[in-house]
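Single-structure report; data block below.
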Amino acid sequence: MRERSIQIRKAMTWLRQCDDAASPHFNIKTGRWSLGKGKKQTESYYLEKIIQDYIGMKLKFRYQWHGEIITRHVFAEVLEDIIYRYDDFNITGFEEDYNIQQRKWLMLIQNKIKLLKSGKVISHA
């Protein structure tokens, strides 16, 4: 945790040096990343979202759940979603949104949750 805190401080120092007040920064009071000031300020728990706003390019992670196409802009949100949408979570047709490692992770997580919900014993590899 201490190493992460140091890393965040270094990143904030670097961002302040290369840009004005509109650069991303960590708001210690809210525990969120912020971009901008006042009414134009956006906040998120995910640095990825703030960086996407900062550079003007959004990432896209799509999946299908019970026929509905869901789009997330942070992979961590997809991980959060699969925990409660494991039953019909499907990235078929959207594989290009994910790298090989992410696709494998999603498959493993979905399979583990299905096993857990079925009452079968899960072995930890």
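Read-outs: derived from the displayed coordinates by stated rules, not from any lab. Not measured: the values here are computed from a predicted model. Cβ sites come from the backbone with ideal geometry, for glycine too, and all protein chains shown count toward neighbours.
Here are some notes:
- Efficiency of FRET between residue 8 and residue 96 - r from beta-carbon atoms, R0 25 angstrom, step 0.05: 0.20
- Taking other C-beta atoms within 10 angstrom as a stand-in for reagent exposure, 45, 84, 54 fall in the order 84, 45, 54, fewest first.
- Shown is the FRET efficiency for residue 116 and residue 30, computed with R0 = 41 Å from the Cβ-Cβ distance and rounded to the nearest 0.05: 0.75.
- Cα-based reach from residue 37 at 19 Å (exclusive), listing aspartates and glutamates while leaving out same-chain residues under 8 positions away: 19, 20, 48, 53
- Shown in residue order for region 85-96 are the 3J(HN,Hα) couplings computed by the Karplus curve 6.51 cos²θ - 1.76 cosθ + 1.60 at θ = phi - 60°: 10, 4, 4, 9, 5, 8, 9, 4, x, 10, 4, 5 Hz (x for Gly and Pro).
- When the Cα positions of 111, 7, 86 are compared along the charge dipole of the chain, 7 comes out farthest toward the positive end, with charges on each C-beta of Lys, Arg, Asp and Glu.
- Counting every pair of alpha carbons in the chain, the share spaced more than 22 Å apart comes to 51 percent.
- Percent of Cα pairs in region 61-118 per distance bin of 10 Å, from zero to the largest separation: 24, 61, 14, 0.
- In the chain, helical runs assigned H by DSSP with n ≥ 4 each contribute -39500 (n - 2.57); averaged across all residues and rounded to the nearest 500, the mean residue ellipticity at 222 nm is -14000 deg cm²/dmol.
- Angle of helix 75-84 to the longest C-alpha principal axis of the chain, folded into 0 to 90 degrees and rounded to 10: 40°.
- Taking the fewest neighbouring Cβ atoms within 10 Å as the starting point, the ordered list for 113, 83 is 83, 113.
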